[in-house]
Amino acid sequence: MAVNFAKRMGLLRASEIREILKITQREEVISFAGGLPAPELFPVEEMKQISVAVLAEAGREALQYSTTEGYKPLREKISDRMNRKFQTCVEADNILITSGSQQALDLSGKLFLDEGDIVLCESPTYLAAISAFKAYQPHFIEVPTDECGMIISEFARILETTERIKFIYVIPDFQNPTGKTWPLSRRQEFMGLVRKHQIPVIEDNPYGELRFEDERPPSLKSMDSEGLVIFTSTFSKIFCPGMRIGWMAADTKLIEKYVLIKQGADLCTSLRSQMEISCFMEQYDLDWYVERLIALYRSRRDAMVEELTETLPPGVRFTRPNGGLFLWVELPEYMKANTLLQACLQSNVAFVPGDSFFPNGGIENTLRLNYSNMPEGRIREGIRRLSDVIYRFIR
């Protein structure tokens, strides 16, 4: 086909997770691949009633175009919830509703990045963020991490020696893919350097409410005294992903810029979905719903960790997250997770190889496991299958 595409298309690849999910649609496959919430807890009956109520009471409004900023009552509820859960001090005017938090990442790339600019991120980092930013042709610099997140000495060195850093992308709470959480001291040191160098930060926080134990540390946004932190989150992980409602919280001057960009992308996010979530939050207790998720995911995390501890061969390490949806496995250096995946698929178990989470590549002995979507019995059986295959590859 004689069609000339933009140069950026040569940088884009199909999402590895989405391709794996096509395979895992088979009922016999035990999938630890996608970050899918537990569908058995979706409030289907409640949302039937909510949908009818919204259409009965305000159907013409719900089915109309909306403002780009989003439905004001929902933005007010989000700001109140953020201030209560994440110790922030934001108002409705600081909130922009997006079509899932993935759109917030894409809009950020469009707002900040010119070809050749630098994005700093954790190593590894969220695969879909890499995809969103890559379209704008930046260079990625991966900041090394330890069990507490981004290593501050390495972060400081990079800031001092690197030009054209446009923003820093981080997931401090139950990071995707590793499940790690930054402690308070790490956050304070990080924000001290951010203030010194005056570089914007995208704090991606879709999992922060899904904490299983320990106290929740303050968000980076709550430490932001100069309007540098852009907080993104979503209802996809704490409510219903199919509604595609996310948000970003930022200084109003930044929100004004984001609004202009969003107007060129989709004009506005589905008003009906926004109104339905707002109505649900008025009629039901969203905190109670999230607590049910936490209890279920904690038990599934425990089942996966117990089975990994009992069945993995020596030399294979994994994280034990205090919340979120994922844990991270490190194989011996000589093993390749992509090769392991092909063997695991023959045993009807799936995961995501870790190399895609490193924007500059080169790390092939890691993998990500999701524990939110499978019941405990299938988790234990799937981990036994995975461990059996790993034993076959161990030298």
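Throughout, read-outs are computed from the coordinates displayed, never taken from laboratory work. Nothing here was measured: the structure is a model prediction, and the numbers come from that model. Because the Cβ atoms are built from the backbone with ideal geometry, glycine has one as well, and the counts that use them run over all protein chains shown.
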Inset, instruction - Multiply the residue gap between SER153 and GLU76 by 0.36 nm, knock off their C-alpha separation, and tell me the result in nm, one decimal place. - result: 23.8 nm
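Name the shape class, rounded, prolate or oblate, that the alpha-carbon gyration tensor gives for segment 313-395, where a ≥ b ≥ c are the square roots of its eigenvalues, rounded holds for a/c under 1.5, and otherwise prolate holds if a/b is larger than b/c and oblate otherwise. Working shown, then result.
Working: a/c = 1.56, a/b = 1.14, b/c = 1.37.
Oblate is the answer for segment 313-395, as a/c is 1.5 or above yet b/c matches or exceeds a/b.
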Legend entry - Backbone HN-Hα couplings from phi across segment 335-345 [Karplus 6.51/-1.76/1.60, Hz, Gly and Pro as x]: 8, 10, 5, 5, 5, 4, 4, 4, 5, 5, 4
Legend entry - Residue-count net charge about MET335 - beta-carbon cut-off 10 Å; Lys, Arg +1, Asp, Glu -1: -1
Legend entry - GNM result for the chain, Cα springs below 10 Å: residue of MET243, MET281, MET191 fluctuating most strongly: MET281
Legend entry - Sites matching chymotrypsin sites (Phe, Trp or Tyr not before Pro) across segment 314-395 that sit in DSSP coil, with at most 14 neighbouring C-beta atoms within 10 Å: TYR334
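By how many nm would the segment from ASP114 to ASN83 grow when fully extended, if each residue of separation counts as 0.36 nm and the alpha-carbon distance is taken off?
Details: separation 31, 0.36 × 31 = 11.16 nm, distance 3.34 nm.
Taking 0.36 nm per residue and subtracting the Cα distance, the gain is 7.8 nm.
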Legend entry - Cα gyration tensor shape for segment 186-314, rounded if a/c is under 1.5, else prolate or oblate: oblate
Legend entry - Per-residue ³J(HN,Hα) for segment 286-300, Karplus 6.51 cos²θ - 1.76 cosθ + 1.60, θ = phi - 60°, Hz, x for Gly and Pro: 5, 4, 4, 5, 5, 4, 5, 4, 4, 4, 5, 5, 4, 5, 6
Inset, instruction - Could I have the simple spin-label model distance between GLU160 and GLU189, label points 7 Å from Cα toward Cβ, reported in nm to one decimal? - result: 1.4 nm
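Taking 56 Å as R0, compute the FRET efficiency from the Cβ-Cβ separation of ILE261 and ASP388 and round it to 0.05.
Details: r = 49 Å, r/R0 = 0.88.
The pair ILE261/ASP388 has a calculated efficiency of 0.70.
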Legend entry - Zero-based 5 Å bins, Cα pair distances in segment 69-194, whole percents: 2, 10, 17, 18, 20, 19, 11, 3, 1, 0
Inset, instruction - Starting from the eigenvalues of the Cα gyration tensor, five times each then square-rooted, give me the equivalent ellipsoid semi-axes of segment 270-370, largest first, whole Å. - result: 35, 18, 12
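What's the FRET efficiency of SER347 with PHE42 using the Cβ-Cβ distance as r and R₀ = 25 Å, to the nearest 0.05?
On the way: r = 30 Å, r/R0 = 1.18.
Efficiency at R0 = 25 Å is approximately 0.25.
Counting DSSP beta bridges in the chain, what percent are antiparallel, to the nearest 5?
Details: 20 of 39 bridges.
Percent antiparallel among DSSP bridges in the chain is about 50.
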Inset, instruction - Please tell me which of these pairs span more than 20 angstrom C-alpha to C-alpha: LYS110/LYS180; LYS134/LYS262; LYS48/LYS72; LYS7/LYS110; LYS180/LYS221? - result: LYS110/LYS180; LYS48/LYS72
Legend entry - Förster radius 30 Å - calculated FRET efficiency between ASP214 and THR339, Cβ distance, rounded to 0.05: 0.25
Inset, instruction - Quickly work out the SER299-to-GLU61 label distance, labels modelled 7 Å from Cα along the C-beta direction, and quote it in nm with one decimal. - result: 4.0 nm
Legend entry - Under 5 Å, built H, 5+ apart or other chain: amide partners of HIS139: GLY116, ASP117, ILE118, VAL119
Inset, instruction - Return the long-range amide H neighbours of GLY323 (sequence gap of 5 or more, or a different chain), with a cut-off of under 5 Å between placed amide H atoms. - result: PHE212
Inset, instruction - Identify the residues of segment 232-252 with backbone N under 15 Å of a label point that sits 7 angstrom from the Cα of GLU91 along the Cα-to-Cβ direction, or state none. - result: 250-252
Legend entry - Label point distance in nm, SER225-GLN49, each placed 7 Å from Cα along Cα→Cβ: 4.8 nm
Inset, instruction - Within the set of other residues whose C-beta is less than 15 Å from the C-beta of ASP117, count the net charge using Lys and Arg as +1 and Asp and Glu as -1. - result: +2
